[in-house]
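Report on one structure; see the data block that follows.
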Amino acid sequence: MEVTNTKISTSKEHLISSLFVNALRKNAAIAVWRKPNAPKIEIIIDDDQNGIEENLKDLDELPPGFMVQPFQTSGVHSPIYIKAGSYNAIHLDDNNRNEEQPDIISEFEHTDTKTLTTEIRNFISNTPSKANTYSTSKEAFLGTVEKAIAAIKSGDLYKVVPAKIKCIDLPDNFDLASVFLSLCEAYPNAFINCFYSEKTGLYIGASPETLIRTKGDEFFTMALAGTQKAKGENPLKNAAWTQKEIEEQALVSRYIVDCFKKIRLREYKEIGPKTTIAGGLLHLKSEFLVDMKATNFPQLGSVMLELLHPTSAICGMPKNQALNFLQSEESFDRAYFSGFIGPVNMDEETTLYVNLRCAKLANKKTWLYAGAGITEDSVPEKEWEETELKCNIIGQFIKTVK
């Protein structure tokens with residue numbers, strides 16, 4: 001893996017745009033991300049091929065790269081692994097960068113940023129989409145929620161998480177790099193990401209939820225559920241959770257504990273639940289930590305990944321019944337929304353995030369995705385409002401272009 005840290009007078013917008021144009025011209029897969037509260041943006045390009053399509057279950061055996069997993073694998077949407085053929089780090093702190101410039105950037109040093117931005121926008125506009133061309137109607141979503149509540153009351157389900165899709169026009173002056181940097185600034189606690197391969201298409205997002213993390217001997221996962229808008233000067237202290245939201249989060253935590261029980265893992269540390277903020281929304285979060293060395297479970301990351309996905313936070317409980325409900329009631333293919341994404345074996349760490357608060361860009365359109373956790377006490381109208389808030393986390397930056 002060729003590693004470069006970038007420091008030149010060129011703007012961050014120009015650097016990101018140059019690397020994207022380079023990848024798109026070669027039809028190479030590319031992934032761009034900034035981890036929560038990290039000081040740098042990381043970019044990899046798969047120089048050899050357009051992502052690996054194969055069984056990606058054994059994390060430890062994979063070369064450094066970026067994983068993209070759909071909600072459900074199908075003939076249309078399959079797992080993609082973007083290898084780190086080349087790596088660049090763009091430091092957000094201008095005073096904390098070295099002096100080296102990648103050869104890729106040299107190709108574009110005399111090309112102005114606007115020209116690069118236009119080329120990316122034209123590429124997006126001319127890329128056909130496999131996604132639906134329509135938004136989920138409010139009437140349809142409310143009807144699905146009502147059916148979900150009825151199924152829960154009848155005892156068929158404990159919880160289910162129906163989603164919706166919202167289609168908006170891509171602005172004529174859309175600037176991918178500027179939107180990415182704006183997300184980094186607005187949502188410091190989120191995993192800001194953008195990736196492209198011929199198979200997946202182009203996605204951008206700001207996920208609040210870690211699915212798994214392994215670093216050294218430590219394994220980490222979280223239970224995230226319950227949603228309300230952050231209000232006031234100190235929203236964490238102002239938060240008041242209903243019994244419905246508390247129970248929803250408890251179900252997600254219980255799901256993780258049940259996964260531990262399946263593999264007879266009893267030694268773990270649970271922290272929470274506590275209120276956390278992400279993208280202007282508040283959630284309830286519990287954290288789970290395991291010492292893989294002390295428990296003699298070095299493959300825990302791969303094992304738990306297979307057990308956890310799709311989690312009850314984006315699917316429901318019991319898992320199989322919830323999946324059956326969603327497949328019969330949702331009118332669109334979730335594709336890579338509510339799958340998982342993230343860097344693998346980069347700097348001896350793997351962190352995979354649930355692909356939430358994301359958008360797909362193609363054919364002069366933006367498809368925004370959002371889901372809502374339904375329990376017996378859910379109110380359909382409020383669940384619709386929650387999905388609108390979630391769509392707006394990314395949508396407001398797509399619509400508002402500087």
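Here is how the numbers come out for the structure above:
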{"quantity": "Yes/no for Leu356 being in contact with a Pro (Cβ under 8 Å, 6 or more places away or on another chain), surrounded by fewer than 24 Cβ atoms within 10 Å (Cβ to Cβ) and in the same structural domain as Ala151 (by TED's automatic domain parsing)", "calculated": "no"}
{"quantity": "Hits in segment 214-227 (condition: out of contact with any helix residue (DSSP H, G or I) (no Cβ under 7 Å at 6 or more places or on another chain) and either outside the structural domain of Val354 (by TED's automatic domain parsing) or farther than 25 Å from Ala359 by Cβ (or both))", "calculated": "Lys215, Gly216, Asp217, Glu218, Phe220"}
{"quantity": "Test result for Tyr196, of a type in the set (Phe, Trp, Tyr) and in the same structural domain as Ala362 (by TED's automatic domain parsing)", "calculated": "no"}
{"quantity": "Among (1) under 17 Å from the mean Cα position of the chain (by Cα); (2) more than 16 Å from Ile246 (Cβ to Cβ) - the single one Leu300 does not satisfy", "calculated": "(1)"}
{"quantity": "Pairs where the first residue, in segment 157-176, is surrounded by fewer than 19 Cβ atoms within 10 Å (Cβ to Cβ) and the second is in a loop (DSSP other than H, G, I, E, B) and of a type outside the set (Asp, Glu), C-beta under 6 Å, 6+ apart", "calculated": "Cys167/Ser135; Pro171/Val401; Asn173/Val401"}
{"quantity": "Helices (runs of 4 or more DSSP H) (entirely within segment 91-166) containing at least 1 residues that are modelled with pLDDT under 85 and in contact with a helix residue (DSSP H, G or I) (Cβ under 7 Å, 6 or more places away or on another chain)", "calculated": "103-106"}
{"quantity": "Options Phe340, Phe325: the member that is buried (at least 20 other Cβ atoms within 10 Å of the Cβ) and over 21 Å from the mean Cα position of the chain (by Cα)", "calculated": "Phe325"}
{"quantity": "Top-ranked residue of segment 267-295 - restricted to ones that are modelled with pLDDT under 95 and part of a loop (DSSP other than H, G, I, E, B), ranked as nearest to Leu308 (Cα to Cα)", "calculated": "Gly279"}
{"quantity": "Filter result (in a strand (DSSP E or B) and among the basic types (Lys, Arg)) within segment 171-224", "calculated": "Arg213, Lys215"}
{"quantity": "Residue that is farthest from the chain's Cα centre (by Cα), among those in segment 58-89 that are at pLDDT below 95 and aromatic (Phe, Trp, Tyr)", "calculated": "Tyr87"}
{"quantity": "Per-region count, segment 387-402, residues at pLDDT below 95 and either within 16 Å of Ala140 (Cβ to Cβ) or assigned to a loop (DSSP other than H, G, I, E, B) (or both)", "calculated": "3"}
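Residue-wise test of (1) at negative phi; (2) among the basic types (Lys, Arg); (3) touching a strand residue (DSSP E or B) at 6+ places or on another chain (Cβ under 8 Å); (4) in contact (Cβ under 8 Å) with a residue 12 or more places away in the chain.
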{"position": "Leu281", "(1), (2), (3), (4)": "yes, no, yes, yes"}
{"position": "Lys285", "(1), (2), (3), (4)": "yes, yes, yes, yes"}
{"position": "Leu307", "(1), (2), (3), (4)": "yes, no, no, yes"}
{"position": "Pro310", "(1), (2), (3), (4)": "yes, no, no, yes"}
{"position": "Met317", "(1), (2), (3), (4)": "yes, no, yes, yes"}
{"position": "Asn320", "(1), (2), (3), (4)": "yes, no, no, no"}
{"position": "Phe337", "(1), (2), (3), (4)": "yes, no, yes, yes"}
{"position": "Met346", "(1), (2), (3), (4)": "yes, no, yes, yes"}
{"position": "Tyr353", "(1), (2), (3), (4)": "yes, no, yes, yes"}
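Let's see how each residue does on (1) touching a helix residue (DSSP H, G or I) at 6+ places or on another chain (Cβ under 9 Å); (2) at pLDDT 95 or above:
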| position | (1), (2) |
| --- | --- |
| Asp169 | yes, no |
| Leu176 | yes, yes |
| Glu198 | no, no |
| Thr210 | no, yes |
| Lys229 | yes, no |
| Asn238 | no, no |
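The values are calculated or read from the model by the stated rules, or taken from the named source; none is laboratory data. None of the values given here were measured: they were computed from a predicted structure. Cβ atoms come from the backbone with ideal geometry, glycine included; neighbour counts cover every protein chain shown.
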